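Undergrad: What follows is a structure written as structure tokens; I'll ask about it next.
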Amino acid sequence: MDEHTATFEIESKTDARAVERLLSQLYDSVREESRTVRDETGDSTATLAQFETLREAAKDGKPGTLTVVLEQREETFGGGDDS
């Protein structure tokens, strides 16, 4: 499994605002994709709830750290759909 990590230090109001915007955009994208797919499974609902929690926490505008980890597995998606 490949793992990629990026850490963002929030040391100013500008940093906090950038992280808030990043998480808001990510939340909106996940919400829109789950609507597009019409996949109302527990997994997509739980994922959206987790992103909402992150988005709300970022609105506090406090110093901290945002760490993003991408873990890629060896398997591929089923079917021929690239989306």
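The values are calculated or read from the model by the stated rules, or taken from the named source; none is laboratory data. Nothing here was measured: the structure is a model prediction, and the numbers come from that model. Cβ placement follows ideal geometry from the backbone for every residue including glycine, while neighbour counts extend to all protein chains displayed. We work out accessible area using only protein heavy atoms, side chains counted, and drop any ligands, DNA or RNA first. Shrake-Rupley method; radii C 1.70, N 1.55, O 1.52, S 1.80 Å.
Undergrad: Within the group E11, E33, which residue is in contact with an Asp or Glu (Cβ under 9 Å, 6 or more places away or on another chain) and either open to solvent by 80 Å² or more (accessible area, probe 1.4 Å) or modelled with pLDDT of 95 or more (or both)?
TA: E33
Undergrad: For the subset of the stretch 39-81 comprising residues that are part of a helix (DSSP H, G or I) and open to solvent by 70 Å² or more (accessible area, probe 1.4 Å), which member is modelled with the lowest pLDDT?
TA: D43
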